[in-house]
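Q: This is the structure I have questions about; it appears just below.
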Amino acid sequence: MEDIQQTSDNAPLAPAPARPFKAATVIKLLSRNRGASLGEIMEATHWQPHSARSFLSGIRKKRELLKETRRTGETSYRLAD
């Protein structure tokens, strides 16, 4: 077998820029004064409805999560201060 030498074509690439975690994105949405609806969370994270609801359940176990109804009839979730 021949020894394969590494060429400049195989040089390691620079690391990709850091991407914020989806959880941090949702926490930021929930920290707003008006909170976030399930639809807003799904749009920001590209999660399915069951995934977004599951995340909210996990938040309820760790922190106080307030549930409010907006004038439009939509349910809004936000973190208590």
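The values are calculated or read from the model by the stated rules, or taken from the named source; none is laboratory data. Note that this is a predicted model, so its numbers are computed, not measured. A quick note on method: Cβ atoms are made from the backbone with ideal geometry, for glycine too, and the neighbour counts reach across all protein chains shown.
Q: Buried (at least 16 other Cβ atoms within 10 Å of the Cβ), in a helix (DSSP H, G or I) and modelled with pLDDT under 95: which single residue out of 59, 41 fits that description?
A: Exactly one residue qualifies, and that residue is 59.
Q: Looking at the stretch 20-38, which of its residues are surrounded by fewer than 15 Cβ atoms within 10 Å (Cβ to Cβ) and basic (Lys, Arg)?
A: Within the stretch 20-38, 28, 32, 34 meet the criteria.
Q: Do we find that residue 7 is on the phi < 0 side of the Ramachandran plot and modelled with pLDDT of 90 or more in this structure?
A: Considered against the rule, which asks whether it is on the phi < 0 side of the Ramachandran plot and modelled with pLDDT of 90 or more, residue 7 comes out as no.
Q: If you don't mind, there's one more thing I want to ask. Quick one: is residue 73 at positive phi and either in a loop (DSSP other than H, G, I, E, B) or modelled with pLDDT under 95 (or both)?
A: yes
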